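Following: one structure in structure tokens, then a few remarks.
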Amino acid sequence: MRFGIVGTNFISDRFVSSAVKTDGAELYGVTSGHYENAAAFAEKYAIPHIYSSLQEMLSDDQIEAVYLATPNSMHYEQTLQCIEAGKHVMTEKPFTPAVRQAEQLFAAAERKHVYVHDALVPMYGEGIRVMKQELKRCGRIRRAVFSISQYSSRFDAYLEGRNPTTFRRELCNGAWMDLGVYALSCAAALFGKPGQILAVSQLLDTGTDVTSSAFLRYEGFDAVITCSKAALSEMTCEIGGENGTLILDHPNRTGKVWFTDRRTKEKTLLFEAHQDDFVLQLEDFIENVQNGRTESERLPHALTLDIIGILETCRKQSGVIYPCDEEE
């Protein structure tokens, strides 16, 4: 399958490194907001075609699928362009800032019979499925914690007044969108939609959040969500029940899952990753296209809508409002 890549940041590097390990994936072309960046990226990875714009890429009949790694604020418009051009599309997380946008894209994909893929990588790996299968070990669940914090490589630039793209409200950025989506997606995949949400954030003067937290209320327990782009954390993710605790090493890069028995205190390794989750999602993408599907069974559109819905509620409660929200 011939892929066109839109955007040349670090996540595009990861896409390329995984694509070369994936049977059936061919790196065919690249475009960027700056032509010189696309040219340098094409030279670095021996990609044969460079386009001056997404529209030029979409007009090339040789392009079968598009990988979008562009700012969050552009996801809706560019995904829609790909759909209308009849191209299958993989859109980086978060799929869209607002639920209504995702609903419109999924409806358009059904109409055009195009496969649309939410590139929330851990949802395609085996770790999350092991967690779901092994929930019964915990007995009655009493608490859950999903935490992810990474000191942003661009936070120092923000502190120096250089206004990096990472913390710009007009680009729909911030801790909820960049990191919180991973923690929230774990909760949604394992427990579904919460009955109640209470969320707070520490906001920067740009209007984006740098640290955020939420309580998701489920029947009999709360899931605590924490994320930050201005701190490091070694916290693991835990689901604690009356019989024991499931432990996940990281909601983004799921490497291991353990269970600790409450009575015996024995800690058992249930899962250890031996495959690249990004490769697994690329394989899922190609398989779904080849089988004529418009959504993935691993991350169905209904789950994407639940995740975006929780994310949207959390950030709005926290005071994180984007231009697309004001347009409503």
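FYI, it's all coordinate maths here, none of it is from the lab. Keep in mind that what you see is a predicted model, and the values were worked out from it rather than measured. Methodologically, a virtual Cβ is constructed for each residue, glycine included, from the backbone with ideal geometry; neighbour enumeration extends over all protein chains shown.
Compute a Gaussian network model of the chain, connecting alpha carbons closer than 10 Å, and tell me which residue from E297, E84, E103 fluctuates the most.
Among E297, E84, E103, the largest GNM mean-square fluctuation belongs to E297.
Report, in whole Å, the centroid distance computed from the Cα atoms of region 1-50 and region 225-278.
Each part's Cα centre sits 33 Å from the other's.
Suppose R0 equals 25 Å; then what is the FRET efficiency for R100 and K21 from their Cβ-Cβ distance, rounded to the nearest 0.05?
Calculated value: 0.10.
What number do you get for region 221-314 when its Cα radius of gyration is normalised by 2.2 N^0.38 Å, N = residues?
This ratio for region 221-314 stands at 1.37.
Where does helix 301-317 land angle-wise versus the long Cα axis of the chain, in degrees 0 to 90, nearest 10?
70 degrees
Using the alpha-carbon atoms, what tilt in degrees (0 to 90, nearest 10) does helix 277-290 show relative to the longest principal axis of the chain?
That works out to roughly 60 degrees.
Report the FRET efficiency, 1/(1 + (r/R0)^6), for D13 and R263, where r is their Cβ-Cβ distance and R0 is 41 Å, rounded to 0.05.
0.30
Between E43 and R217, what is the label-to-label distance in nm when each label sits 7 Å out along the Cα-to-Cβ direction?
Going by the 7 Å Cα→Cβ label model, 5.9 nm.
Given region 170-328, what whole percent of its Cα pairs are spread farther than 26 Å?
Summing the P(r) tail past 26 Å for region 170-328 gives 37 percent.
Within the set K44/K93; K136/K256; K229/K256; K21/K87; K193/K265; K93/K132, which residue pairs have Cα atoms separated by over 29 Å?
In this structure, K193/K265 exceed 29 Å between Cα atoms.
Just to be sure I understand the curve: with the Debye formula and one point per C-alpha of the chain, what is log10 I(q)/I(0) at q = 0.07, 0.08 Å⁻¹?
Scattering profile of the chain, log10 relative to I(0): -0.28, -0.37.
Could you work out which residue, out of S17, S228, S296, moves most in a Gaussian network model of the chain, that is, has the largest mean-square fluctuation with Cα springs under 10 Å?
Judging by the Gaussian network model, the answer is S17.
How do the peptides 260-270, 230-240 rank, highest first, by the average count of neighbouring beta carbon atoms within 10 Å per residue?
230-240, 260-270
Quick one: compute the contact order of region 234-326, relative version, from alpha carbon pairs under 8 angstrom and 6+ residues apart, as a percent.
13 percent
For region 270-313, just list the percent of Cα-Cα distances falling in each 5 Å bin from zero outward, please.
5, 18, 19, 18, 19, 15, 5, 0
So how much slack lies between Q275 and D60, counting 0.36 nm per residue of separation and subtracting their Cα-Cα distance, in nm?
This chain segment gains 74.1 nm when fully extended.
Specify which residue in the list S17, F146, V181 is farthest towards the positive end of the charge dipole of the chain, using unit charges on the beta carbon of Lys, Arg (+1) and Asp, Glu (-1), about the Cα centre.
Going by the Cα projections, it comes out as F146.
Once the Cα atoms of helix 75-84 and of the chain are each reduced to a long axis, what angle between those two axes, in degrees from 0 to 90 to the nearest 10, is obtained?
Between helix and principal axis, roughly 50 degrees.
Under a point spin-label approximation (7 Å from Cα along Cα-to-Cβ), what is the E160-Q133 distance to one decimal in nm?
4.8 nm
Rounded to the nearest 20 debye, what is the charge dipole size of the chain about its Cα centre when +1 sits on each Lys and Arg Cβ and -1 on each Asp and Glu Cβ?
With Lys and Arg at +1 and Asp and Glu at -1, about 1240 debye.
What does the helix-only formula give at 222 nm for the chain: each DSSP H stretch with n ≥ 4 adding -39500 (n - 2.57), the total divided by the residues, and the result rounded to the nearest 500 deg cm²/dmol?
-10000 deg cm²/dmol
Please state, rounded to one decimal and in Å, the Kirkwood hydrodynamic radius that region 74-124 gives when every pair of distinct Cα atoms enters the mean of 1/r.
Result for region 74-124, one decimal place: 10.8 Å.
How do C138, C227 line up, fewest other C-beta atoms within 10 Å first?
C138, C227
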